[in-house]
Amino acid sequence: MIVTLAGHVDHGKTAIVRALTGVDTDRLEEEKRRGLTIDLGFAYTDLDGARVGFVDVPGHHRFIHNMVAGVGRRQYALLVVAADDGVMPQTREHLQILQLMGLREGVVAVNKVDRVDPERVAEVEREVHALAQASFLEGAAAVPVSCMDGRGIDALRDELAGAARRHAVERADRGFRLAVDRAFSVRGAGAVVTGTVVAGTASVGDPLVVAGTDRPVRVRGLHVQDAASETAYEGDRTAMNLTGVDVDDVARGDWIVAPGAAGRTHHAVVEFDVLPDFPRALRHWAPVHAYAATSHAQGRIGLLSGDPIPPGGTGAVDVVLDRALPLKVGDRLIARDQDLGRTIGGGRVLDVAAVHGRRRAPGRLERVKALRQQDPGDALSALARLDVVEAEGFRRDWNLTDGALARLTAGDQFALGRGLVIHRDLLEETREAVRTALSEHHRTQRESAGLPREAIANALHAPRATVDFAIASLAETGDIRAHSGNFALASHVAEIPAALATLFDRVSPSLDTLQPPSLGDIAKSLGRPFPQLEREMRALAAIGLCEQVGPNRFYLKERLRELAAVATDLDARGAFTVRDFRDASGVGRNVVIEVLEHFDRKRFTRRTGDLRRVVGEFDSVFD
């Protein structure tokens with residue numbers, strides 16, 4: 001268990017750690033000279049067989065950024081209040097920050113009781129209980145202590161030992177992430193970083209990366225709670241000896257993460273709580289200092305609702321950062337006012353996707369509402385009811401392992417395909433809507449071969465990706481068929497006007513070859529004006545009776561299939577050229593170029609330089 005201390009400057013946090021562990025956590029010369037904690041300090045001890053670490057944080061308001069760097073969501077809080085001073089400004093601010101960071105449990109030490117009478121101790125205890133109302137410390141014990149004469153230290157130690165026994169190690173299926181608070185070099189070992197494991201596990205020998213640079217590193221050795229260990233778990237204070245990086249290349253604010261947990265963002269949607277004692281409402285585009293674990297960036301806050309958020313209020317905001325941070329959904333972010341030097345508030349990160357379109361667009365607000373679910377399975381279910389979800393993006397944003405994502409999507413409530421996830425309710429609703437739209441189109445446009453994707457999506461007023469997924473699903477089940485980019489119900493047969501049917505009977509013998517004549521030659525042979533024949537041939541192609549390959553060339557689909565088979569045979573031996581295809585098919589070079597470029601456009605083949613490879617299936621590409 002890791003205990004983070006909090007409290008006003010000079011209330012005795014460092015002295016309490018020393019009384020509990022025998023360790024002086026003030027390690028800097030300036031700290032010893034001034035008698036003032038400036039940076040984070042660490043100490044460890046065993047309490048009833050449980051290893052407990054202490055993070056001593058500075059109490060002075062000028063060093064709040066260092067205090068924030070020492071707080072982790074899985075830690076246990078020890079709030080220190082001096083009996084002579086009582087509750088002071090940084091007492092209040094530190095408790096507020098602990099609350100914003102998501103801490104769940106803690107204890108209060110009323111220190112320096114040797115300086116006051118029992119009535120004053122009781123008065124301060126009442127102040128503390130009033131302060132703790134509606135916070136995670138409501139109902140927590142307030143233990144009177146004195147570091148001078150040792151009063152209450154054993155009682156405080158017992159309280160912490162009990163908490164350590166209750167403390168459960170959470171081993172969720174998340175990618176490993178460690179927020180670096182120190183980096184130094186050890187002779188004979190190399191670079192060592194220390195920090196709190198924010199998520200996941202790492203073991204000796206594991207490959208990791210430095211987030212942002214993606215520099216690969218490997219774990220040479222581990223110390224957890226100041227003792228050698230093979231594995232570090234979420235919440236652990238960890239010292240990590242790394243290979244593959246110099247100590248000059250990593251510093252406080254960096255993150256050591258699993259390869260699948262890398263990635264940074266300039267944007268974060270946060271469920272933001274404005275502190276009750278902040279002196280003004282939070283307005284749109286307010287400049288802030290943003291803190292997440294040991295990382296810091298400047299930025300601005302964009303309100304997702306139109307109204308300012310008053311003190312004590314809550315709302316979803318878009319935090320736009322001047323430099324990218326490796327944030328994930330569920331992280332905690334603290335914002336301080338750039339002008340006043342005060343903590344505005346903070347909260348849980350809901351989304352780390354970049355903003356596309358209007359900040360307050362209804363679709364985006366619906367997404368934010370879905371992401372208020374704290375369980376990834378619930379969030380995925382809510383998101384997949386709105387639109388298809390890109391599975392890898394969801395895994396990355398939520399810092400899930402591949403196995404965790406597979407378990408989330410294994411249930412009957414989701415349909416999967418092409419790396420996408422959709423809720424079956426939304427899929428069935430959209431499938432039915434597509435069928436209805438096509439049925440209505442066939443009723444009113446009997447001669448039409450169908451509707452293109454764009455027209456279907458516009459008719460449904462639905463996200464294009466959702467419509468595409470439903471169309472693919474309907475095609476797989478045989479409910480609809482497609483040709484030349486148009487989709488129709490499988491039962492639909494376009495009514496071919498008599499004039500077009502007669503024309504097709506006349507022109508099809510000319511097309512029934514691997515090298516049909518140009519449209520101009522066909523027009524001459526039929527004695528038909530070229531512009532008129534061009535319109536009629538395009539109408540035949542739209543119905544699906546032929547395929548337009550080039551501006552002046554049309555094929556019967558059966559003959560294109562034969563040429564596709566030639567390409568497939570060539571591809572079985574490797575990439576092929578225009579000349580290879582010409583020789584294998586017996587078709588002239590100019591026509592071959594038209595055919596192959598058509599194959600490229602339809603994504604049946606892919607060209608790289610002078611070479612081509614087959615990348616699609618004919619029946620799925622040539623609908």
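Readers should treat all values here as calculations from the given coordinates under stated rules, not as data from a laboratory. Since this is a predicted model, take the numbers as computed values, not measurements. Virtual Cβ from ideal backbone geometry, glycine too; neighbours counted across all protein chains shown.
Amide H to amide H, which residues 5 or more places from residue 302 or on other chains are under 5 Å from it, using H placed in the peptide plane?
Amide H to amide H, under 5 Å and 5 or more residues apart or across chains, residue 302 pairs with 285, 318, 319, 320.
Using the charge dipole of the range 142-226 (Lys, Arg: +1 at Cβ; Asp, Glu: -1 at Cβ; taken about the Cα centre), state which of 163, 183, 196 has its Cα farthest towards the positive end.
It is 183, whose Cα lies furthest towards the positive end.
Treating only the Cβ atoms of Lys and Arg (+1) and Asp and Glu (-1) as charged, compute the dipole magnitude of the range 137-188 about its Cα centre; round to the nearest 20 debye.
380
Net charge near residue 140: determine it from the other residues with C-beta under 15 Å of the C-beta of residue 140, scoring Lys and Arg +1 and Asp and Glu -1.
Summing Lys and Arg as +1 and Asp and Glu as -1 gives -3.
When Lys and Arg each count +1 and Asp and Glu each count -1, what net charge do the other residues less than 11 Å away from residue 116, Cβ to Cβ, add up to?
Summing Lys/Arg as +1 and Asp/Glu as -1 gives -3.
In what sequence, highest mean first, do 403-410, 14-21 appear when ranked by Cβ atoms within 10 angstrom?
On the way: 403-410: 15.6, 14-21: 22.1.
The densest-packed peptide leads the list: 14-21, 403-410.
Could you give each residue of the range 160-167 its phi-based ³J(HN,Hα) in whole Hz, using Karplus coefficients 6.51, -1.76, 1.60 with θ = phi - 60°, and x for Gly or Pro?
5, 5, x, 5, 5, 5, 7, 5
Determine which lysines satisfy two conditions relative to residue 112: a Cα distance under 27 Å, and not lying fewer than 8 residues away in the same chain.
Reachable lysines: 13, 32.
Collect residues whose amide H, placed 1.01 Å from N in the peptide plane, falls under 5 Å from the amide H of residue 141; neighbours closer than 5 in sequence don't count.
It is 108, by chain and number.
Each residue of the range 474-489 in turn: what ³J(HN,Hα) in whole Hz from Karplus with 6.51, -1.76, 1.60 and θ = phi - 60°, glycine and Pro shown as x?
With coefficients 6.51, -1.76 and 1.60, one gets 5, 5, 5, 8, x, 6, 10, 9, 9, 7, 6, x, 9, 10, 9, 4 Hz.
Long-range amide H contacts for residue 615: which residues qualify at under 5 Å (H placed 1.01 Å from N, peptide plane, sequence gap of 5 or more or a different chain)?
Here 605, 606 satisfy the definition.
Kirkwood hydrodynamic radius of the range 177-261 from all distinct Cα pairs, in Å? Walk me through the intermediate numbers first.
Values: mean 1/r = 0.0821 Å⁻¹.
Here the Kirkwood hydrodynamic radius works out to 12.2 Å.
To the nearest Å, what is the center-to-center distance of the range 189-263 and the range 108-124, using C-alpha atoms only?
42
Please compute, for the alpha-carbon atoms of the range 2-166, the extent along each of the three principal axes and give them in descending order in Å.
Principal extents (largest minus smallest coordinate, Cα): 38, 35, 33 Å.
Determine the gain in length on full extension of the stretch residue 138-residue 558; use 0.36 nm per residue of separation and subtract their C-alpha separation, reporting nm with one decimal.
Working: separation 420, 0.36 × 420 = 151.20 nm, distance 7.73 nm.
Taking 0.36 nm per residue and subtracting the Cα distance, the gain is 143.5 nm.
Return the tail of the calculated pair distribution for the chain, meaning the percent of Cα-Cα pairs more than 30 Å apart.
65
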